[in-house]
Amino acid sequence: MSRPVKPLPVEDLEHVLQHTRELWQEARGASFFITGGTGFFGMWLLESFAFINDALGLGMKACVLTRSPAAFAAKAPHLAICADLSFLEGDVRHFPFPEGTFRYVIHAGTTSSAPVEPEEMFDTIVEGTRQVLRFAAQARCRKLLFVSSGAVYGKLPPEITHVSEDYCGAPDPLDPASAYGEGKRAAELLCSIAGRKHGFDVKIARCFAFVGPHLPLDAHFAAGNFIRDALAGGPIKVGGDGTPLRSYLYAADLAVWLWTILFMGDAGKAYNVGSDESISIAELARRVAMLNLPHLPVVVQRAAVQGQLSARYVPDIQQASVGLGLQVGMPLNETLRRTFEWW
């Protein structure tokens with residue numbers, strides 16, 4: 001059995017509190033229902049929820065859906081014993097509905113990091129969202145946050161440096177690898193329909209790439225894989241040619257953005273969530289290599305094709321920054337250092 005994870009750094013939790021303090025009074029005494037609460041995003045949501053609830057004396061409660069409460073208790077005992085949190089065992093596609101009113105619902109449950117078949121991934125996203133929406137209607141939800149993905153835009157033309165929420169591209173429906181992006185697109189539509197039908201405000205967070213404590217080191221996340229290599233003593237291995245451009249938001253800022261969108265986002269609107277600072281995969285690997293002393297070697301496995309434009313996956317965040325005042329608070333080098341040191 002793996003060792004329990006460490007709690008998040010207090011300075012990171014204080015960062016979330018500092019940037020969301022004025023948002024929470026409307027939730028005093030309220031109940032939240034959260035799916036996906038035991039994954040990377042969910043750990044940040046749960047820890048910041050419990051920290052802020054205690055710091056501000058809000059008397060809030062959160063019910064967290066998980067496939068295995070016992071496994072989560074072994075992973076995060078400091079959260080399992082938290083009086084603010086209760087845990088409901090079930091699959092997101094057919095969980096039993098807890099009784100009572102839940103003013104806020106956060107649907108962050110997904111299968112993005114698990115090696116599952118495309119049909120199962122699509123079914124879990126879509127049918128899981130249907131079930132959460134049925135529950136939200138019964139629970140008299142007022143505000144629902146659906147954690148979606150930039151994958152809904154599909155493969156971006158390389159000439160688009162930063163994709164905005166009004167881009168109408170889409171994943172290739174004939175490619176099984178599109179199951180995740182197409183599932184999120186369908187789920188966004190279901191949320192929009194249900195919100196209008198049942199009268200609760202739906203806010204959608206289209207999330208890009210992130211780094212921070214709890215980031216998996218053994219999945220398809222480049223930053224996590226590079227940090228894993230660094231922790232093992234190197235070399236840092238780049239599987240492709242290193243030219244794709246990405247951006248990385250620190251997970252403490254991610255938590256600030258998600259809470260802000262839940263409370264303050266416009267109903268029926270999608271917000272890109274991420275950093276707008278582009279960096280190549282190869283450069284990301286080099287920055288991770290520099291976290292170690294002496295610096296570790298970087299191995300790029302394929303040569304770049306001369307004259308070929310780099311693939312991009314970087315959001316335009318004007319809608320979040322102008323509309324909600326959200327900013328990228330942590331420089332990338334500092335986010336990598338904090339993540340490396342936490343692990």
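Annotations for the structure displayed:
- For segment 120-172, the solvent-accessible area of protein heavy atoms averages 43 Å² per residue (probe radius 1.4 Å; ligands and nucleic acids excluded).
- Per-peptide packing, taken as the mean over residues of other Cβ atoms within 10 Å, places 77-83, 210-216 in the sequence 210-216, 77-83 from highest down.
- A simple rule links phi to the HN-Hα coupling: the Karplus curve 6.51 cos²θ - 1.76 cosθ + 1.60 with θ = phi - 60°, which for segment 22-34 gives 6, 8, 8, 4, 5, 9, 4, x, 8, 10, 10, 10, 10 Hz, with x for Gly and Pro.
- Close amide H contacts of D201 (hydrogens built in the peptide plane, cut-off under 5 Å, sequence separation of 5 or more or a different chain): K143, L144.
- Amide H partners (placed H, <5 Å) of K269, local residues excluded: I204
- Probe 1.4 Å, accessible area per residue of segment 242-322, Å²: 43 Å²
- Helix 10-20 vs. the chain, principal-axis angle (Cα, 0 to 90°, nearest 10): 60 degrees
- Based on C-alpha pairs under 8 angstrom that are at least 6 apart in sequence, the chain has a relative contact order of 17 percent.
- Exposure ranking of D84, D166 by accessible area [1.4 Å probe, largest first]: D166, D84
- For segment 241-257, Karplus couplings with θ = phi - 60° (6.51, -1.76, 1.60), whole Hz, Gly/Pro x: 9, x, 8, x, 9, 10, 9, 9, 9, 5, 5, 5, 5, 3, 4, 4, 5
- Cα-based Rg and Dmax for segment 138-268, where Dmax is the largest Cα-Cα distance (Å): 17.3, 55
- Ellipsoid semi-axes for the chain, based on the Cα gyration tensor and the rule √(5λ), read 31, 24, 19 Å when sorted largest first.
- Within the shell defined by Cβ-Cβ distances under 9 Å, the residues around I281 carry a net charge of -1, with Lys and Arg each +1 and Asp and Glu each -1.
- Computed over segment 1-75: relative contact order in percent, which uses C-alpha pairs under 8 Å that are six or more apart: 43 percent
- For the residue pairs K143/K203; K6/K237; K143/K197; K197/K269, alpha carbon separations beyond 18 Å are given by K6/K237.
- Among 261-273, 230-242, 309-321, the peptide with the highest mean count of other Cβ atoms within 10 Å heads the list, and the full ranking is 261-273, 309-321, 230-242.
- Counting charges near I160 (Lys, Arg +1; Asp, Glu -1) among other residues having Cβ under 11 Å from its Cβ returns a value of 0.
- Taking amide H as placed 1.01 Å from N in the peptide plane, K155 has its amide H under 5 Å from the amide H of D172, each at least 5 places away in sequence or on another chain.
- Under Karplus coefficients 6.51, -1.76 and 1.60, residue-wise ³J(HN,Hα) of segment 51-59 in Hz, glycine/proline x: 5, 5, 4, 6, 5, 9, x, 8, x
The values are calculated or read from the model by the stated rules, or taken from the named source; none is laboratory data. Everything quoted here is computed from the prediction, not taken from an experiment. So basically every Cβ, Gly included, is an ideal-geometry build from the backbone, and we count neighbours across all protein chains shown. Please note that ligands, DNA and RNA were not included when accessible areas were found on the heavy atoms of the full protein model with its side chains. Shrake-Rupley method; radii C 1.70, N 1.55, O 1.52, S 1.80 Å.
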